[in-house]
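I have placed the structure first, in the form of structure tokens, so that the comments after it can refer back to it.
The values are calculated or read from the model by the stated rules, or taken from the named source; none is laboratory data. Only a predicted model underlies this, so the values are computations on that prediction, with no experimental measurement involved. Virtual Cβ from ideal backbone geometry, glycine too; neighbours counted across all protein chains shown.
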Amino acid sequence: MSGHSTYEPKTGFERWLDTRLPIIRFMNDTALDFPTPKNLNYWWTFGGILALMLGIQIVTGIVLAMHYVPHVDYAFNSVERIRRDVNYGWLIQFMHANGASMFFLAVYVHIFRNLYYGSYKAPREVLWILGCVIYLLMIITAFMGYVLPWGQMSFHGAVVITNLIGALPVVGKSITTWLWGGFAVDDPTLNRFFSLHYLMPFVIAGVVILHIWALHVPGNNNPKGVDVKSKADTVPFQPYYTVKDGFAICVFLLMYATFVFYMPDALGDAINYVKANPLVTPQHIVPEWYLLPFYAILRAVPNKLMGVILMFAAIAVLFILPWLDTSKVRSMRYRPTARLYLGIFFLACLVLGFCGANPPDQPILGHEPSGFMLLDADINSIVWLSRIGALYYFAYFLLVMPILGLTETPLPVPEGISEPVLSHPAAAPTGAAAAPEKRG
Amino acid sequence: MSKMLRKGLALAALGLALIGGQAMAASEADEPRAPSGGWNFDGPFGKFDMAQLQRGYKVYREVCSACHAMDLMYFRNLGQKGGPFYDPKYPNPNDNPYVKSLAKDIQVKDIDNDTGDPVQRPATPADKFPAPFPNEPAARASNGGALPPDLSVISKAREGGPSYIYSLVGLGFNAPVPAGLTVPAGKYFNPYFVGDVSSAWHGKGPAPKGGFISMPPPLAPGKVTFDDKTPSTVQQQAKDVAAFLAWAAEPKQEERKAFGLGAMIYLFLLTVIVYFSYRRIWRNVSH
């Protein structure tokens, strides 16, 4: 899509087609000859893994939709029927259910790779924003998909999440009723969730095409974070990265298969094997693991509306990330201080995940609360831990990123991909070492 | 493989384990215990013991089915591949004579084709396990207000799975009621049942783990006579019925593991081949 096309039609048909619909030229330039930095490491293979996971989810999902019955009386049993009576239905259903978790695992690695190597910085802001759109669509799709088996957690999760909209002033109640298609989560809700769950992946696929388009204009970032200078810095995508991505995909599939074949229920909740019953509320309502950090942020705030706003803000803040980061150095290889803060950010996400999985009043240390109340909650409780985690989550984006880029002293950045760092940091002239404004 | 990737994957696995482990530790009951020797269907190569499944079915049929439905089970399931009464001579379980005779012993509801009147007839392998009660209020009315849960996927629906079932019906009812605990009328204390007994606790220290269950002790020594002469102790009955319910919760799980073995070997070989292709293609690129 960018640069000079290297495609030369070889047969008469290809020449004929090339002057009418240059689709082979397009495929060649984007998927085969595309010049790719030669120093990409394994963290860059997750884009390919994600594309594959989207494909797997769509294919298995289409087959599941042939057998699934979106009705409150039959949904639960129809999923079980797929496992019991449909040929290889167990395989397709377990692949789809565990595939969602694998999809999110890969997307989180992909996002953290972006954060570490600064891939969201100019000129890749639009690429990053499209990625955020995909992530948001994935969350919505996964949430609605989790409702479909109509187990206890499906139902009560849907109740909790849709009720959040009700926290909006004035219009909240009306919007919730409109979303439900009634006055509670019921058959109309299940039907529309099924319809939208089928639609969304194709919307995601559309945005993925834009995402790849936006990738191919500036080309890939790379672990050094410096721009490609010449052809010597790149290799054609095929065969170099098809085979490297291929290897990573195989390793990823081995892990995915371990879940599907040997512990298909490990990532789910046992209570979702109980048919939805509106009259019996489970003791602890928790979302799937990949949404736990956001759930923790939601519950960290005593005010419902503020909690909802903060939860959405946790995703919204990602969209403006390129303008929050003031550092001109892309790769954190040359930003040791930023690396430390990102490490803490990663831990904060795990801590938030842990908080989301546990009841708010549960003590962290020991089995007894400290008895010391700070504001509305015991100091030794999940509530306060999630508040600390949420505070750091936002501080990282809103304080650390803008300030650190202006104050830190990055290590010397190499001139190009093929050259090593010009001189040892210790021997480098002072001007070279302290150059945060330098374009990587 | 790069060191960083390995570190990252290890961290991710650790994070998942942490989250999962904590989520499971939240229940207020004794940790379910597996019978000594564990379950022979555990692990990637585990298989069900057919004799055990047959005994387990007998326990379900003669004891549990008086109150508990298994709405997802058909008699044909008993004769399908991996099932308790599978016979390779009858690839179609509906033809299996043993399954036919098991079904025939049970009466199911039907409609008389000529008159439209409700009738009872002997079941066929194509029939569902009939439910003991016509509806939920009827089930509650016969059980002191409590609803006996459907057992089709109960093994997946409870933390601990078959070990939970074994502990609940095989061990829990024999546990002595702690002194200082007032058991409400019509209820039974069971340390493996998830619940909160603190309001009925007058003893010293924290309230014991466990809950009050409405189900009376279902098993008794010799209550079920096993055809293979296995001594019919409470623990044996509990073990066998738990295995049967573990099978019933996912009748295709042996197929899943067998298919998985092939898939893993295939993927592993593919990974090795692609790795060496990668090394070969990149051998002349300095990066």
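Points to keep in mind about this one:
- Residue B:121 among the charged types (D, E, K, R) and assigned to a helix (DSSP H, G or I): no
- Across the range B:239-260, the qualifying residues are those that are in contact (Cβ under 8 Å) with a residue 24 or more places away in the chain, facing another protein chain (nearest Cβ under 7 Å) and assigned to a helix (DSSP H, G or I), and the one among them that is surrounded by the most Cβ atoms within 10 Å (Cβ to Cβ) is B:260.
- Per-region count, the range B:31-60, residues surrounded by fewer than 19 Cβ atoms within 10 Å (Cβ to Cβ) and among the hydroxyl-bearing types (Ser, Thr, Tyr): 1
- Yes/no for residue A:185 being crowded, with 22+ Cβ neighbours inside 10 Å and not assigned by TED's automatic domain parsing to the domain that holds residue A:316: yes
- Leading residue by the ranking (nearest to residue A:418 (Cα to Cα)) among those in the range A:233-262 that are of a type in the set (Val, Ile, Thr) and touching a helix residue (DSSP H, G or I) at 6+ places or on another chain (Cβ under 7 Å): A:243
- Candidates A:126, A:69: the one that is assigned to a helix (DSSP H, G or I) and either within 11 Å of chain B (Cβ to nearest Cβ) or β-branched (Val, Ile, Thr) (or both) is A:126.
- Some residue of the range A:320-330 being surrounded by 15 or more Cβ atoms within 10 Å (Cβ to Cβ), polar (S, T, N, Q) and under 28 Å from residue A:292 (Cα atoms): no
- The single condition from (1) under 23 Å from residue A:309 (Cβ atoms); (2) in a loop (DSSP other than H, G, I, E, B); (3) touching a helix residue (DSSP H, G or I) at 6+ places or on another chain (Cβ under 6 Å) that residue A:169 fails is (3).
- Enumeration of residues in the range A:181-218 that are part of a helix (DSSP H, G or I) and in contact with a Pro (Cβ under 7 Å, 6 or more places away or on another chain): A:190, A:191, A:194
- Answer residue from the range B:151-201, given it is more than 22 Å from residue B:223 (Cα to Cα) and among the charged types (D, E, K, R) and is farthest from the other protein chains (Cβ to nearest Cβ) among those: B:196
- Against the numbered list (1) outside any helix (DSSP H, G or I); (2) closer than 30 Å to residue A:72 by Cβ, residue A:223 comes up short only at (2).
- Pairs where the first residue, in the range A:90-107, is within 11 Å of another protein chain (Cβ to nearest Cβ) and the second is in a helix (DSSP H, G or I) and charged (D, E, K, R), C-beta under 7 Å, 6+ apart: A:90/A:83; A:90/B:256; A:93/A:83
- Residue A:46 meets the conditions (1) within 30 Å of residue A:234 (Cα to Cα); (2) more than 11 Å from chain B (Cβ to nearest Cβ); (3) in contact with a His (Cβ under 8 Å, 6 or more places away or on another chain); (4) crowded, with 21+ Cβ neighbours inside 10 Å in every case but one. The failed one is (2).
- Residues satisfying the stated conditions in the range A:23-38, i.e. part of a loop (DSSP other than H, G, I, E, B) and either without any contact (Cβ under 8 Å) to a residue 60 or more places away in the chain or within 14 Å of chain B (Cβ to nearest Cβ) (or both): A:38
- Residue list for the range B:141-150, filter: touching a residue at least 12 places away in the same chain (Cβ under 8 Å) and within 14 Å of chain A (Cβ to nearest Cβ): B:145, B:146, B:148, B:149, B:150
- Among the residues of the range B:195-210, not a single one is under 30 Å from residue A:84 (Cβ atoms) and of a type outside the set (A, V, I, L, M).
Yes or no, residue by residue, for (1) in contact with a Phe, Trp or Tyr (Cβ under 7 Å, 6 or more places away or on another chain); (2) closer than 26 Å to residue B:151 by Cα:
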{"residue": "B:197", "(1), (2)": "yes, yes"}
{"residue": "B:206", "(1), (2)": "no, no"}
{"residue": "B:223", "(1), (2)": "no, yes"}
{"residue": "B:252", "(1), (2)": "yes, yes"}
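- Residue A:277 satisfies every condition listed in (1) touching a Phe, Trp or Tyr at 6+ places or on another chain (Cβ under 8 Å); (2) surrounded by 15 or more Cβ atoms within 10 Å (Cβ to Cβ); (3) within 30 Å of residue A:149 (Cα to Cα); (4) within 14 Å of another protein chain (Cβ to nearest Cβ) except (2).
- Residue among A:418, A:423, A:386, A:381 that alone is closer than 30 Å to residue A:232 by Cβ and either assigned by TED's automatic domain parsing to the domain that holds residue A:117 or modelled with pLDDT of 80 or more (or both): A:418
- Filter pass, residue A:365 being at pLDDT 95 or above, farther than 25 Å from residue A:102 by Cα and surrounded by fewer than 21 Cβ atoms within 10 Å (Cβ to Cβ): no
- Filtered residue count, the range A:226-273, keeping only those that are closer than 25 Å to residue B:264 by Cα, outside any helix (DSSP H, G or I) and over 21 Å from the mean Cα position of the chain (by Cα): 3
- If the condition is being over 15 Å from residue A:246 (Cα atoms) and either in a helix (DSSP H, G or I) or more than 7 Å from chain A (Cβ to nearest Cβ) (or both), then the range B:261-287 contributes B:261, B:262, B:263, B:264, B:265, B:283, B:284, B:286.
- For the range A:232-270, filtering for residues that are more than 7 Å from chain B (Cβ to nearest Cβ) and touching a strand residue (DSSP E or B) at 6+ places or on another chain (Cβ under 7 Å) leaves 5.
- From the options B:84, B:32, residue that is at pLDDT 95 or above and in contact with a helix residue (DSSP H, G or I) (Cβ under 6 Å, 6 or more places away or on another chain): B:84
- Residue among A:7, A:108 that is in contact with a Lys or Arg (Cβ under 8 Å, 6 or more places away or on another chain) and at negative phi: A:7
- Cβ-Cβ under 8 Å pairs, at least 6 apart or on other chains, the range A:298-326 side more than 30 Å from residue A:122 (Cβ to Cβ), far side among the hydroxyl-bearing types (Ser, Thr, Tyr): A:299/A:386; A:300/A:386
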